[in-house]
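Trainee: First the structure, which I've put down as structure tokens, then a few questions once you've had a look.
The values are calculated or read from the model by the stated rules, or taken from the named source; none is laboratory data. Everything numeric here is computed off the predicted structure, so don't read it as measured data. Counting neighbours? That spans all protein chains shown, and the Cβs are built from the backbone with ideal geometry, glycine included. Protein only, heavy atoms only, side chains kept; ligands, DNA and RNA dropped before computing areas. Shrake-Rupley method; radii C 1.70, N 1.55, O 1.52, S 1.80 Å.
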Amino acid sequence: MAKKTTRKTRAKKTAKSQAARLRWPGGRGALRWAGRALAGAVALFALTTLAYTVLNPPTTAYILAESVRYGGIKRSWVDMEDMAPEVPRAVVAAEDANFCLHWGFDMAAIREAIDQGGTRGASTLTQQTVKNVFLWQGRSWPRKALEALMTPAVELVWTKRRTLEIYLNVAEFGKGVFGIEAAAQHYFGVSAKELSGARAALLPAALPKPKERNPPRPSGFLRKRARQIAEGAATIDADGRAACFQG
């Protein structure tokens, strides 16, 4: 009888211990669920990345949030071939002149940013696209860590042209204005196909602070910045640094 009682007692203790591990956040059950959640997130990212090689992202978390904030947004998808050729060149010249040369991270720009004490950004267009499409806005180490992990995958799966095309269609160009087509229509009353070189340079000139700058009525600073971008666009066209996205 004593042996049976001891066995029952042990069985009860074992059952309680297993239940406690499942309830305790540090237990095996919690770790198992965390592992499954991580695997699911990785699988979702992989499937979405593959899908977006041919499908256009319908929206992003930030676009949805701004739509709620403003009661709607302006956005129309436009394929790269339906943009004026000056548009992608101007955006690359403004945001990431070595876009065609790196694998997602511009190490020279990163070193320069470190030398300047981190006062300037060094994010490439690929990193910005990853942030805009898959992550959230704002500066935080968790977001930057995820961005660093996801960027090489996007570089591996998407062509440079596809990355730039998606960026041009999800980037914020003003309050509730997303994508180059909506920006061209909102600010200049023309399509992205009809943008002149000067106007194509003014739009990315406003990108660091799109909610504060007005391309149709540019300040002296914005005009100067646009001229620099136009010159940079001509330079990357001449030296071959635009070859990876130009058809």
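Trainee: Considering Leu146, Leu55, Leu38, which residue is within 24 Å of Phe245 (Cα to Cα), aliphatic (A, V, I, L, M) and without any contact (Cβ under 8 Å) to a residue 60 or more places away in the chain?
Mentor: Leu55
Trainee: Return the pair list, or none, for Cβ contacts closer than 6 Å from residues in the stretch 68-79 that are farther than 12 Å from Glu172 by Cβ to residues that are part of a loop (DSSP other than H, G, I, E, B) and open to solvent by 60 Å² or more (accessible area, probe 1.4 Å), at least 6 apart or on different chains.
Mentor: From residues that are farther than 12 Å from Glu172 by Cβ, the pairs are Trp77/Asn56.
Trainee: If Phe178 passes every condition in (1) among the aromatic types (Phe, Trp, Tyr); (2) in contact (Cβ under 8 Å) with a residue 24 or more places away in the chain; (3) within 30 Å of Ala43 (Cβ to Cβ); (4) open to solvent by 10 Å² or more (accessible area, probe 1.4 Å) but one, which one does it miss?
Mentor: Just one mismatch for Phe178, condition (4).
Trainee: So, in the stretch 107-144, exactly how many residues are modelled with pLDDT under 95 and over 18 Å from Ala65 (Cα atoms)?
Mentor: Number satisfying all stated conditions: 21.
Trainee: Does Arg199 count as outside any loop (DSSP other than H, G, I, E, B) and over 21 Å from the mean Cα position of the chain (by Cα)?
Mentor: When the stated conditions are applied, Arg199 passes them.
Trainee: Could you tell me whether Ser219 is more than 22 Å from the chain's Cα centre (by Cα), touching a residue at least 60 places away in the same chain (Cβ under 8 Å), farther than 14 Å from Val91 by Cβ and open to solvent by 30 Å² or more (accessible area, probe 1.4 Å)?
Mentor: Working: more than 22 Å from the chain's Cα centre (by Cα): yes; touching a residue at least 60 places away in the same chain (Cβ under 8 Å): no; farther than 14 Å from Val91 by Cβ: yes; open to solvent by 30 Å² or more (accessible area, probe 1.4 Å): yes.
Answer is no for this residue.
Trainee: Do the conditions hold for Gln246, that is, is it touching a residue at least 24 places away in the same chain (Cβ under 8 Å), open to solvent by 40 Å² or more (accessible area, probe 1.4 Å) and not aliphatic (A, V, I, L, M)? Quick ask: steps written out before the conclusion?
Mentor: Working: touching a residue at least 24 places away in the same chain (Cβ under 8 Å): yes; open to solvent by 40 Å² or more (accessible area, probe 1.4 Å): yes; not aliphatic (A, V, I, L, M): yes.
Here the answer is yes, as Gln246 does meet what is asked.
Trainee: In the stretch 157-172, is there at least one residue being part of a loop (DSSP other than H, G, I, E, B), within 21 Å of Glu81 (Cα to Cα) and either out of contact with any Ser or Thr (no Cβ under 7 Å at 6 or more places or on another chain) or β-branched (Val, Ile, Thr) (or both)?
Mentor: yes
Trainee: Separate question: Criterion first (surrounded by 24 or more Cβ atoms within 10 Å (Cβ to Cβ), under 28 Å from Gly138 (Cβ atoms) and hydroxyl-bearing (Ser, Thr, Tyr)) does Tyr167 satisfy it? Break it down stepwise before answering.
Mentor: Details: surrounded by 24 or more Cβ atoms within 10 Å (Cβ to Cβ): yes; under 28 Å from Gly138 (Cβ atoms): yes; hydroxyl-bearing (Ser, Thr, Tyr): yes.
Taking the combined requirement at face value, the residue satisfies it.
Trainee: Let me ask something else about it. In this structure, does Arg223 turn out to be farther than 19 Å from Asn98 by Cβ and not in a helix (DSSP H, G or I)? Walk me through how you get there before you give the answer.
Mentor: On the way: farther than 19 Å from Asn98 by Cβ: yes; not in a helix (DSSP H, G or I): no.
Here the answer is no, as Arg223 does not meet what is asked.
Trainee: Is there a residue in the stretch 41-53 that is within 17 Å of the chain's Cα centre (by Cα) and part of a loop (DSSP other than H, G, I, E, B)?
Mentor: Yes, because at least one residue in the stretch 41-53 is within 17 Å of the chain's Cα centre (by Cα) and part of a loop (DSSP other than H, G, I, E, B).
Condition check ((1) loosely packed, with under 11 Cβ neighbours inside 10 Å; (2) among the acidic types (Asp, Glu); (3) farther than 20 Å from Val157 by Cα; (4) at pLDDT 80 or above) across all residues:
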| position | (1), (2), (3), (4) |
| --- | --- |
| Met1 | yes, no, yes, no |
| Thr9 | yes, no, yes, no |
| Arg21 | no, no, yes, no |
| Ala43 | yes, no, no, yes |
| Ala46 | no, no, no, yes |
| Tyr62 | no, no, yes, yes |
| Ile73 | no, no, yes, yes |
| Val78 | no, no, yes, yes |
| Glu81 | yes, yes, yes, yes |
